[in-house]
Amino acid sequence: MQIIIRATDHQYPILANKLINGNNSIVRYESTNEAIPFGDIYIDACFEEEGPCFSTVQNRIVLVNGVCTPSEVLPKNFVRFNGWDGFLSQPSLEIAGNEEAVIKARELLTAVGITTIVSADELGMIGPRVVSMIINEAYFALAENVSTKEEINTAMKLGTNYPYGPFEWCELIGFKRVSTLLQSLAKTNERYSLAPAFQNN
């Protein structure tokens, strides 16, 4: 199977390592000026930061790192995945999108050795939404002088066995990504409103 990937220097080895099983041919697509090579599946890990590059691809599944992008604005053959730092290196890949495309994407990803978790087709999916809320709550706690950043990070890791504390997650993922998701979710549910301490960071 030929897999075409656009990814940063950080993301690419993580994705390529997931695809080493079987006789997969992996092609790194590095420039929007290049002709798009033929592939069985396309993966765009830079979608939300740099814009789409595989929008002309039809009749093939295109996976886009689209945590904050609603599926209704994407072509029907596009499937969103959670490619946030800290999640991409996990054994399974969280995906969401229209049912027909998700079924096909799951079949293809299984064939290349990637386990998938299908999320409800909502902004933030599961992992990013949960972690973003935890980060936001940590900033509320920090502002209330409950504890220090270091102690909150340690308590979270020891108490939940998470790989990172909330402030470590935020630094790894990026303030902009977390705040964009929270602000989008807050438009319909005020419980996602940004903590004042988060806004001031």
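Results, tabulated for the structure shown:
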| read-out | value |
| --- | --- |
| Among beta bridges that DSSP assigns inside the chain, antiparallel share in %, nearest 5 | 10 percent |
| Gain on full stretching of the segment that runs from Asn98 to Glu50 - 0.36 nm per residue minus C-alpha separation | 15.0 nm |
| Separation in nanometres of the label points that stand 7 Å from Cα toward Cβ, at Val130 and Ser31 | 4.2 nm |
| The chain: Lys pairs at Cα distance under 26 angstrom, eight or more positions apart or on different chains | 9 |
| Ratio of the Cα radius of gyration of the chain to 2.2 N^0.38 Å, where N counts its residues | 1.08 |
| Thr180-Asn200 pseudo-label distance in nm [points 7 Å out on the Cα-to-Cβ vector] | 2.6 nm |
| Segment 86-135 and segment 22-56: distance between their alpha carbon centers, rounded to Å | 19 Å |
| Computed [θ] at 222 nm, deg cm²/dmol, the chain (DSSP H ≥ 4; -39,500 (n - 2.57); rounded to nearest 500) | -11500 deg cm²/dmol |
| Crossing angle, helix 175-186 versus the chain [Cα axis fit, 0-90 degrees, rounded to tens] | 80 degrees |
| Descending semi-axes in Å of segment 127-199, equivalent ellipsoid built from Cα gyration tensor | 20, 14, 10 |
| Fraction in percent of alpha-carbon pairs per bin - 10 Å, segment 2-118 | 14, 53, 32, 1 |
| Unit charges on C-beta of K, R, D, E only; dipole of the chain, Debye | 240 debye |
| Principal axis box of segment 105-154, alpha-carbon based, largest edge first, Å | 49, 23, 7 |
| Residue range of the chain that is longest and free of GluC sites (Glu not before Pro) which are both DSSP loop and sparsely packed (at most 15 other C-beta within 10 Å) | 35-121 |
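Values quoted throughout were computed directly from the atomic coordinates according to the rules given, and no laboratory measurement underlies them. Worth saying up front: this structure is predicted, and the values here are computed from it rather than measured. Positions of Cβ are generated from backbone atoms using ideal geometry, with glycine treated the same way; all protein chains shown enter the neighbour counts.
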